[in-house]
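Structure, as structure tokens:
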Protein chains: 4
Amino acid sequence: MPSPRNATAAVIGAGDFIGSAIAERFARVGYTVVAGRRTAEKLQPLVEKIERGGGRCIGRALDARKEDDITAFLEEADKIAPLEVCIFNPGANVNFPVLETTERVFRKVWEMACYAGFLTGREAARRMLAHGQGTILFTGATASLRGGKGYAAFASAKFGLRAVAQSMARELGPKNIHVAHLIIDAGVDTAFVRERIRERGGEVAVAGIKPDQLMNPASVAEAYWQLHAQTRDAWTFELDLRPYGETW
Amino acid sequence: MPSPRNATAAVIGAGDFIGSAIAERFARVGYTVVAGRRTAEKLQPLVEKIERGGGRCIGRALDARKEDDITAFLEEADKIAPLEVCIFNPGANVNFPVLETTERVFRKVWEMACYAGFLTGREAARRMLAHGQGTILFTGATASLRGGKGYAAFASAKFGLRAVAQSMARELGPKNIHVAHLIIDAGVDTAFVRERIRERGGEVAVAGIKPDQLMNPASVAEAYWQLHAQTRDAWTFELDLRPYGETW
Amino acid sequence: MPSPRNATAAVIGAGDFIGSAIAERFARVGYTVVAGRRTAEKLQPLVEKIERGGGRCIGRALDARKEDDITAFLEEADKIAPLEVCIFNPGANVNFPVLETTERVFRKVWEMACYAGFLTGREAARRMLAHGQGTILFTGATASLRGGKGYAAFASAKFGLRAVAQSMARELGPKNIHVAHLIIDAGVDTAFVRERIRERGGEVAVAGIKPDQLMNPASVAEAYWQLHAQTRDAWTFELDLRPYGETW
Amino acid sequence: MPSPRNATAAVIGAGDFIGSAIAERFARVGYTVVAGRRTAEKLQPLVEKIERGGGRCIGRALDARKEDDITAFLEEADKIAPLEVCIFNPGANVNFPVLETTERVFRKVWEMACYAGFLTGREAARRMLAHGQGTILFTGATASLRGGKGYAAFASAKFGLRAVAQSMARELGPKNIHVAHLIIDAGVDTAFVRERIRERGGEVAVAGIKPDQLMNPASVAEAYWQLHAQTRDAWTFELDLRPYGETW
């Protein structure tokens, strides 16, 4: 059972895989995790799992695209205990040819993956600056560095999020806020990724997934933890993550 | 007097400097230029200048953030003569510390510099594909590659625009549409830039601007023209532009 | 017949394709071309072709890895007429798994593709600085940006050459020397590339090469010319070139 | 006292600061460290310090630019116990205007910072492949990504080393060898860096160095350790390191 810290770690986009694994990783070392996602009920298994392990986790319905909502969410976290870590881990991966990308999709993907990240980072920083410290981590993807075919909407949002992270890191680093950006450059072992493998290659392909071919969410979460654990004389802004067998 | 071509060049963001210079460059070789900016009256000097030179230019009020408006604008251009060139040259440079960047500013800058670019590119491509050819050029900036201090909003939008350009280039190149992105990585000789130099260093600084220290809009426009003039066996996706004396 | 200029353009690595095309391009506008490659006899067809067109070209055996040789070569060029343009266009593409890359190969590829480029650039700059102007252009490749499988030697040399180009551009730009680097990011139509296509897909594949699928050396050469033609208030340091149908 | 592992960690370029700190870090968790640098006597303090702490360290004179020497060095390490970690940490930072960069300096810096890295990586990989696993870490710098003024030689070598690391990572990752590249993008607290600060700002500047303004070698070493500790389903190829207050 972790000895509790007087600090919260907010996870925005606490989905079933990476987001949950990050929440568990920080709960394991005593942080009170405040987890947000669109549907609060879906957070119940995470909350229960963390509590069974002796940790503390609060789940909240959250639409991080709404300024008032994300502000209230982080405000609540900061009242429970000083907000020390904030992780922005949106899910908004879509693929459409550019000519079939509606303005609605383009806007929505940006709101989820970039605009919400800006709001989250800004509001987290406000609270952390009051405490004189903190860590803000943004989840990036292959599409953060490359606008591939079919990724006009998604890559545009992820490029934009990376710029926000860079600007924040340059402005807030000297104020003792560690801002970092992780490039998840391969498939994490999620239901979504397995489904895509199934679509392409059928059950045979899914059955043929080799050990460590997909990233274990817990392994990804470990990288988030290590970034937070860095001493401030040697901070990383950006790192990439991919499995050993990945072609890149 | 140029011999007219049966083709239009649309310039979205036909401001007083780069946008106007691009319009003049394409008018000079016979394109009918269809120029759009927020306030139609401000286009009058450009239209008159081009017409005095024997060229053709049509000015239209345009808010490229409105899907119906940009669609109608390009539709009109394509009716005058086949749309062959489309240049997206927004002006949206702002600088605010991230904590002072309102959600309104962040959204507006994105709408002007990125979202409008997506709409423009998509709608231009639709018309060009019908003709089997075309060139779409996006204006980038230093902030397309670097999220500097105070540039969370602007860099985020410019990074996002670059991703759109990359995705479009990869999808549309094989369909004979040349998509390119120009990194304007220094000051162009505009009223805005001279004003910033004045703010920092006073009249002395403005008076001390050396020849070729700032980019002449006509020189920048030449690069747009050369990209369009490339044969399709050797297309450039991206190039940078800066004056000889610039520190980078 | 071009009206002659009192200026030389040196082409180091004046191979049968890109190098020769560049030589022809500059000869066409009146430069005396001084072309160097390992075997002087192989330059004879180029010299004759240029002379038949009314231009001037001098061919010299050159091992640009030898400091004295490249110095003498550029010295000779500069004596014929002021050295105004210098193009470094080495050929050193090899592919070996890293474990099968001998130290001899690694060193030789570096000497040809990087070290010779440093010597060439430095010696060209010395002469150009005396005249107060000049253009130095370096040929890059996909491997300038990406260390792919089998490219430890070649990519290492091309990365290194790009660094030389960057440092030179930053140091010499303010002294009115235009240094640029071109990323040739696809197959140029050369005997070497056709042979590789043949190896992979047989005669059928070669026969199936579509128009504009490979870059015409003359199209590539045009980009070199345009870089040199830029006015100094808007210089490009880097651009990429690839055919319209290329996947990247 | 660490419980010993049956594994060696080779440190090539075991200088007084980063190299020594890395050696200590791996010794602390039980690796037998095999440390190499030009002058064996200078390794004595490191060996003694590690041994006092209950660890094991062997110091060897090493010129990693000599194929036979680096091969013998790694062979010896692999005989002591299976070679599991190899760190290439050269010191070759020089700054000369390109026109004052002699061919000797250009070549020597490349041999030390790039060519030796290639030899080291290749020979380490050979031994690790026999064991089915291993980690090879390369030390990069700001100059790995940017060819700044005065850095033609150093940046060229560091760019080249990064390409080697990329090619090796792509080839060897699927064979269970983790290859990574660390960008040390700021001053580490070394005698060299303090001397440069002294040169620029005098004793006052040295006295004014703030806590955590320079990177502690031990903090840098921690990043090397964490990369090695990553599970193979989520490996990082590249990360950057700089102090919180650094301008970048």
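The values are calculated or read from the model by the stated rules, or taken from the named source; none is laboratory data. The shown structure was predicted, so the numbers you read here are calculated from the model rather than taken from an experiment. As a convention, Cβ positions derive from the backbone with ideal geometry for all residues, glycine included, and neighbour counts pool all protein chains shown. Remember, those area values only see protein heavy atoms, side chains included, never the ligands or the DNA or RNA. Shrake-Rupley method; radii C 1.70, N 1.55, O 1.52, S 1.80 Å.
Pick out the one residue from D:Ala77, D:Ala61 that is under 22 Å from D:Ala21 (Cβ atoms) and open to solvent by less than 60 Å² (accessible area, probe 1.4 Å). Talk me through it step by step, then tell me what you get.
Details: D:Ala61 fails: open to solvent by less than 60 Å² (accessible area, probe 1.4 Å).
Result of the check over D:Ala77, D:Ala61: D:Ala77.
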Exercise. For residues in segment A:206-248 being part of a helix (DSSP H, G or I) and more than 20 Å from A:Val85 (Cα to Cα), which is most open to solvent (accessible area, probe 1.4 Å)?
Worked result: A:Ala207
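Given A:Ala116, A:Ala125, which one is in contact with a strand residue (DSSP E or B) (Cβ under 8 Å, 6 or more places away or on another chain) and at the interface with another protein chain (Cβ under 10 Å from one of its Cβ atoms)?
Working: A:Ala116 fails: at the interface with another protein chain (Cβ under 10 Å from one of its Cβ atoms).
Criteria check complete, one pass: A:Ala125.
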Exercise. Of all residues in segment B:150-179, which are more than 8 Å from chain A (Cβ to nearest Cβ) and surrounded by fewer than 24 Cβ atoms within 10 Å (Cβ to Cβ)?
Worked result: B:Gly173, B:Pro174, B:Lys175, B:Asn176, B:His178
Seminar exercise, completed: When segment B:185-194 is checked residue by residue, the ones that are more than 9 Å from every other protein chain (Cβ to nearest Cβ) and of a type in the set (A, V, I, L, M, F, W, C) are B:Ala191, B:Phe192, B:Val193
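Whether any residue in segment B:21-36 is modelled with pLDDT under 95 and more than 19 Å from B:Glu123 (Cα to Cα) is what I want to check. I'd like the intermediate steps shown before the answer.
Here is the first cut: in segment B:21-36, the ones modelled with pLDDT under 95 are none.
No, segment B:21-36 contains no residue that is modelled with pLDDT under 95 and more than 19 Å from B:Glu123 (Cα to Cα).
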Exercise. Taking only pairs six or more apart or across chains, which ones have beta-carbon atoms under 7 Å, a first residue in segment D:58-80 that is within 18 Å of D:Val33 (Cβ to Cβ), and a second residue that is open to solvent by 60 Å² or more (accessible area, probe 1.4 Å) and part of a strand (DSSP E or B)?
Worked result: D:Phe73/D:Arg60
For this session: Output yes when any residue across segment C:94-102 is within 21 Å of C:Arg162 (Cα to Cα), assigned to a helix (DSSP H, G or I) and open to solvent by 30 Å² or more (accessible area, probe 1.4 Å), and no when none is.
Result: no
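Do we have B:Ala27 as buried (at least 17 other Cβ atoms within 10 Å of the Cβ) and either in contact (Cβ under 8 Å) with a residue 12 or more places away in the chain or among the acidic types (Asp, Glu) (or both) here? Steps first, answer last, please.
Values: buried (at least 17 other Cβ atoms within 10 Å of the Cβ): yes; either in contact (Cβ under 8 Å) with a residue 12 or more places away in the chain or among the acidic types (Asp, Glu) (or both): yes.
So B:Ala27 fits the description; yes.
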Exercise. Which of (1) more than 23 Å from A:Leu182 (Cα to Cα); (2) touching a Leu at 6+ places or on another chain (Cβ under 9 Å) is the odd one out, the single condition D:Trp235 does not satisfy?
Worked result: (1)
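How many residues does segment B:124-149 contain that are of a type outside the set (A, V, I, L, M, F, W, C), in a helix (DSSP H, G or I) and buried (at least 24 other Cβ atoms within 10 Å of the Cβ)? Talk me through it step by step, then tell me what you get.
Quick first cut of segment B:124-149, residues of a type outside the set (A, V, I, L, M, F, W, C) only: B:126-127, B:131-135, B:139-140, B:142, B:144, B:146-149.
From what's left, in a helix (DSSP H, G or I): B:126-127, B:131, B:142, B:144.
Subsequent filtering for residues that are buried (at least 24 other Cβ atoms within 10 Å of the Cβ) retains B:144.
Final tally of qualifying residues: 1.
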Exercise. Would you call D:Thr32 in contact with a Lys or Arg (Cβ under 7 Å, 6 or more places away or on another chain), β-branched (Val, Ile, Thr) and surrounded by 16 or more Cβ atoms within 10 Å (Cβ to Cβ)?
Worked result: yes
For this session: Could you tell me which residue of segment B:1-18 is surrounded by the fewest Cβ atoms within 10 Å (Cβ to Cβ), considering only residues that are under 14 Å from B:Asn89 (Cβ atoms) and in contact with a Lys or Arg (Cβ under 7 Å, 6 or more places away or on another chain)?
Result: B:Gly15
Exercise. Given A:Gly202, A:Gly117, which one is open to solvent by less than 30 Å² (accessible area, probe 1.4 Å), more than 29 Å from A:Asp69 (Cβ to Cβ), part of a helix (DSSP H, G or I) and not aliphatic (A, V, I, L, M)?
Worked result: A:Gly202
